[in-house]
1. Could you tell me which residue of the range 267-290 is surrounded by the most Cβ atoms within 10 Å (Cβ to Cβ), considering only residues that are hydrophobic (A, V, I, L, M, F, W, C) and part of a loop (DSSP other than H, G, I, E, B)?
2. Of these, Gly209, Gly229, which one is surrounded by 17 or more Cβ atoms within 10 Å (Cβ to Cβ) and either of a type in the set (A, V, I, L, M) or on the phi < 0 side of the Ramachandran plot (or both)?
3. For the range 303-340, which residues satisfy the criterion of being part of a helix (DSSP H, G or I), open to solvent by 30 Å² or more (accessible area, probe 1.4 Å) and under 25 Å from Ala425 (Cβ atoms)?
4. For the range 26-74, enumerate the residues that are part of a loop (DSSP other than H, G, I, E, B) and at pLDDT 85 or above.
5. When you scan the range 250-266, how many residues do you find that are in contact with a His (Cβ under 7 Å, 6 or more places away or on another chain) and surrounded by 24 or more Cβ atoms within 10 Å (Cβ to Cβ)?
6. Given the residues Gln395, Gln369, Gln346, which is the only one that is crowded, with 17+ Cβ neighbours inside 10 Å, within 26 Å of the chain's Cα centre (by Cα) and not aliphatic (A, V, I, L, M)?
7. For Leu207, state whether it is outside any strand (DSSP E or B) and either of a type in the set (S, T, N, Q) or closer than 23 Å to Arg305 by Cα (or both).
8. Looking at the range 406-448 only, could you name the residues that are closer than 23 Å to Cys261 by Cβ and among the hydrophobic types (A, V, I, L, M, F, W, C)?
Amino acid sequence: MMIEEQRHSSRAVMATATGKAAGAATNKGPSPSPQPERENETSDADISRSADKFFKTPDVQPAEFLGPVTVVHTPERGRGLALTKAVAAGDLLFVSHPIAVVYGDEAAQPSPSPTSSSDEADEDVGDDEGDAYDAKFDALVARLRAQRYSAGEAKWLEALGAMTARKAGTKSGKQQAAQAAPPPPDALLTLPELCSSSRRTTRDLPLPGQLGDQDALEELVQRHNYEAGSEDADLAYAAGEEPREEVIGLWPEYALLNHSCVPSTVSYAHRGALITRFTRRGAAKGAELFANYIGDLAMAPLDVRREALEDVWGFVCGCPRCREEERLDKDLVDLITDIYESCTDQVAEELYDAVADEDEEALRGLKDQLAAYAEVLDAAFDKKGVSERTQIWLQAGLFKLYEQLYCCLEALGERDTRLSELLEALVGAIMPGSELHCYLARAHLEASQEEAAARAASAGASGRGGAAAGGKGSGRGGSSGAEADSEGDPMLAMMAGGGGGAGFSGRGGAGIVSAADKICYKAHAARYGPISRATYRMLLKTRAELESQGYDDEGDDE
């Protein structure tokens, strides 16, 4: 199946992205216990046990937890969260309980028109998704208006309401300084003060007065909600359940995170709690933490990302990635825009039809078109002298190009592990630990296992040291089918060459699987912390069993 239903690539990306990009339910649980002290994680075993705890008791709502974070105020972004100590990838930052949360099955869904034709229904898929979001949003606003609050929750709402009021109406980068004006001293409650008073004690207080206005409440929810396609799938599966779908809620600690198009955190919901971890290689005390507000649109070009952020949140992103991309040569920007628009408009529709119709001729034509785009883009990078880091960011913004190329090859039966490795690396560079990242890491591991099996079968058929197996007694199983085919395919030849060892050329079957397994573990450790190998294997086994039953395992988080 396709990557949108399934989640490739060029010479320069294979040399850089695969090596450097990876580094560059309703609240039904028991009442939370008092906030625990951070565990003394002094050994690898202790660290794994701490990360494993959510999988050991997946049927229990995680207790609230506040890690090494504090509230800060910056002139550029206003209030945010920063580190109080150095952290590493996978470290737990906080576990937040919601002020309010709504799931798709609790939101009123619009009924389809009985007179709508199937063609009209297909055309209205995008509108239906918007209607579903609107239904969730309205249900969350209604719940906030109807319910009562503890003293701690009321404090949170007052603080978030004050933040929203200061930011309301800002629509340009020039206005960010005004929106980020320091709040009055009495509004600067510290995070421990807020958290210590947020226990679910008596809930008898009404919605704070300044949020009685419908517009003000909707603005607060719009700016500070967390929304995802479902709660975390792996934790739900560990509890023997299906993840609850279409979640939206107000988790106060998360609401303090500012956005970046290269986020440093990942968040996911489980049994009403929101778990947030650090996902980058490491950061020092004082570093600000960032979330991804726009989901998979982080894998889009600059103008697409900025339009989404400005339309919904009212600001122009000034993260390092955006600042770097806005300095690009106009010709390169125009080329990227043209390729992206072609992929999202013409190619997307034609590829869908070609896969559905099993039209090999159309698939090969699209493959050649996409390969040509990738070659032109590489040539432009070389001509403009684009740095490695910027090139990775730009090619991540054209993820749809490589995704569609992968889909063409997949539909043609030309699966290639170098391409699956590339997809994982590009997403890992932008959204490490995201559901998409973990999905692609598992897909790459599966492809590598299939490639290793094919090499072993080829070596066995051709005999020890046979020429068809790639030379005498190397024990590497010879060239893969993709490597052999690349001699007659310029695109595959381009990707197979010039990699500086970045791809799989020269790796034996066991080496392919071992390297892919390390990549896959790293992606899941960014999401779940440094889980034990036993937990990691259990997670993969559960996924494989679900796939064998025909279950679509693609999840979603913000």
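1. The initial filter retains those residues of the range 267-290 that are hydrophobic (A, V, I, L, M, F, W, C), namely 269, 273-275, 278, 283-284, 287, 289-290.
This time we only want the ones that are part of a loop (DSSP other than H, G, I, E, B), so: 284, 287, 289.
Working: Ala284: 9, Ala287: 15, Leu289: 24.
For the range 267-290, the residue satisfying everything is Leu289.
2. Values: Gly209 fails: surrounded by 17 or more Cβ atoms within 10 Å (Cβ to Cβ).
Being surrounded by 17 or more Cβ atoms within 10 Å (Cβ to Cβ) and either of a type in the set (A, V, I, L, M) or on the phi < 0 side of the Ramachandran plot (or both) holds for just one of Gly209, Gly229, which is Gly229.
3. Within the range 303-340, the first condition is being part of a helix (DSSP H, G or I), and the residues that meet it are 303-313, 320-326, 330-340.
Now drop any that are not open to solvent by 30 Å² or more (accessible area, probe 1.4 Å), which leaves 303-304, 306-307, 310-313, 320, 323-324, 326, 330-331, 333-335, 337-338, 340.
The answer is Asp303, Val304, Arg306, Pro320, Arg323, Glu324, Glu326, Val333, Leu335, Thr337, Asp338, Tyr340.
4. As a first pass, look at the range 26-74 and keep what is part of a loop (DSSP other than H, G, I, E, B): 26-43, 57-64, 67-68.
Listed by number, the residues that qualify are Thr57, Pro58, Asp59, Val60, Gln61, Pro62, Ala63, Glu64, Gly67, Pro68.
5. Just the residues of the range 250-266 that are in contact with a His (Cβ under 7 Å, 6 or more places away or on another chain), to begin with: 250, 255.
Next, only the ones that are surrounded by 24 or more Cβ atoms within 10 Å (Cβ to Cβ) stay: 250.
Number of matching residues: 1.
6. Values: Gln369 fails: within 26 Å of the chain's Cα centre (by Cα); Gln346 fails: crowded, with 17+ Cβ neighbours inside 10 Å.
None of the others qualify; the one that does is Gln395.
7. Details: outside any strand (DSSP E or B): yes; either of a type in the set (S, T, N, Q) or closer than 23 Å to Arg305 by Cα (or both): no.
Here the answer is no, as Leu207 does not meet what is asked.
8. Listed by number, the residues that qualify are Leu422, Leu423, Ala425, Leu426, Val427, Ala429, Ile430, Met431, Leu436, Cys438, Leu440, Ala441.
The values are calculated or read from the model by the stated rules, or taken from the named source; none is laboratory data. Please read these numbers as outputs of a predicted model, since none were measured by experiment. All Cβ positions, glycine included, derive from the backbone under ideal geometry; neighbour counts span all protein chains shown. The area values use the complete protein model at the heavy-atom level, side chains included, leaving out ligands, DNA and RNA. Shrake-Rupley method; radii C 1.70, N 1.55, O 1.52, S 1.80 Å.
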